[in-house]
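Here is the structure we will look at, set down as structure tokens.
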Amino acid sequence: MIQQKLIVAVALSVLLLPGCKKNPASSAAHSNKVRVGYIGLTCEAPIYAAYEKGFFKEEGLEPELVKCNWATYKDALALGSYDITHHLVMYFLKPIEQGLDVRFLAGIHRGCLRVQAGLKTNIHTIEDLKGKRIGVPGMGTPPFVFANRVFGTHGIDAGKDITWKVFPAGELGLAIDKGEVDAVCNAEPIGSLLIAEGKVRNIADQIMDAPYKDEYCCEVIANGKWVDANPDTAARATRALLKGAKWVETNPRAAAIMAVEKKYLASTPELNTAALARLRYVPSVGLAEESVHTAGREMKVAKMLSPETDTEALAKRAFMHLDGVTDEWIKTLEVEKVAGGQVSPDEDIRLIAELVRKDTGDSCCRRKMFDQPDQDAPNLADPDAPCVEKNVIAAEK
């Protein structure tokens, strides 16, 4: 039933008006102008880097960043409110199956999603989650979609065998503490923070476990009609984004600080650095295409795609190769190494620990920092709503 509701919601979403703050008219054919959509997420760092470091201009393009909202992001791309971006493969495959005219062009980064069980539970495997209560930041959010895929490939019916409970992302740990859920599904940096706090253990990790660790979570994706009319512009824009990804991989701290200082997202330099340091921004074309095939096959098993869908044909329709965008070209990419812009593994651990130590006061900063747009919009969280202070939560317990 959950899957059916999700499929219906995705299908109906194409009727919504675009949520980007621009005229929906498509860019003129053969133009050097390119409109790049973004929401304001940590993982969109390559977009910010490509714009701020001049990588689009190096490709002879005139970039325009178009701020969008989560709820209508897919439809806004298909309807021409912006031309190109990078986003989740699993989030777009169902709409593409239903006729959404968008194309994946190259891989940007590996995954950041996790399924985690409470440390005090007896849950140690994915199969142990059958019949359990699982907290998510919203139905239809990336953590929810990832969990559905994981369950489907392990013989668990996510609609019948799981009780889903929605909490703001920053309160998933509290839900574990209060015994309201047995496990949670989340995105970085929530997962690392919950591990550091000793609240959870990993059950499925998109960046560590096969087959997820060998595929791309987010890929460059563009409006189909725009790519067909502007293949050269699309190729140049894709190269700029891939160079942005490599710059972020080389300089995660610098990228994290820049995103916060330029006000692309509401976070702190420390939190954003901890989140970016765990992601792998190693661009690819061949592996990106394979990732679309793998995700399609497993989403069909998980009943997130129609049982009649030919997933190989779907992947071939969804992925497009562009002249000049190849793995051979990617190997020639060189970017600057900013002094002090890196994070060592030991320092990454210290950053997480520092964030945990800072989160000791009675404040609602934790919820507001962690409820990024991809997580709070689907469950309609109000960023201006009053927060429940920690002393009140302690009294309730």
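Quick notes on this structure:
- Relative packing of 259-270, 79-90, which averages over residues the other C-beta atoms within 10 Å, highest first: 79-90, 259-270
- Residues of the range 108-174: accessible area per residue with a 1.4 Å probe, Å²: 33 Å²
- Beyond 30 Å in Cα-Cα separation lie the following of the pairs LYS33/LYS213; LYS262/LYS300; LYS74/LYS303; LYS94/LYS165; LYS53/LYS74; LYS160/LYS246: LYS33/LYS213; LYS262/LYS300; LYS160/LYS246.
- Each 5 Å bin, from zero up to the one with the longest distance, holds this percent of the alpha carbon pairs of the range 254-315: 4, 16, 16, 10, 9, 12, 14, 12, 6, 1.
- Carbon/sulfur fraction of accessible area - the range 187-333, other protein chains in place, 1.4 Å, %: 53 percent
- Its Kirkwood hydrodynamic radius, worked out from the mean inverse distance over all distinct Cα pairs, puts the range 109-162 at 11.8 Å.
- In the calculated pair-distance distribution of the range 187-232, the portion above 17 angstrom amounts to 57 percent of the Cα-Cα pairs.
- Full-extension gain in nm, GLU328 to ASN69, via 0.36 nm per residue minus C-alpha separation: 89.7 nm
- The calculated FRET efficiency for the pair LYS160 and LYS316, based on their C-beta separation and a Förster distance of 25 Å, comes to about 0.15.
- Backbone amide hydrogens, once placed in the peptide plane, bring VAL285 within less than 5 Å of GLY107, ASP327, excluding anything fewer than 5 places away on its chain.
- Estimated FRET transfer efficiency (LYS130, GLU308; beta-carbon r; R0 35 Å; 0.05): 0.80
- For the range 185-242, accessible area per residue (1.4 Å probe, heavy atoms of protein chains only), Å²: 26 Å²
- Taken over the alpha carbons of the range 51-164 as equal point scatterers, the Debye sum produces base-10 log I(q)/I(0) values at 0.12 Å⁻¹ of -0.60.
- Scoring 215-228, 307-320 by mean Cβ neighbours within 10 Å over their residues and listing the highest first yields 215-228, 307-320.
- 10 Å binning of all Cα-Cα separations within the range 234-282, expressed as whole percents from 0 upward: 29, 47, 22, 2
The values are calculated or read from the model by the stated rules, or taken from the named source; none is laboratory data. Small disclaimer: the values here were computed from a predicted structure and weren't measured. Every residue, glycine as well, gets a Cβ built from its backbone with ideal geometry; the counts of neighbours run over all protein chains shown. SASA here: full protein model, heavy atoms, side chains in, ligands and nucleic acids out. Shrake-Rupley method; radii C 1.70, N 1.55, O 1.52, S 1.80 Å.
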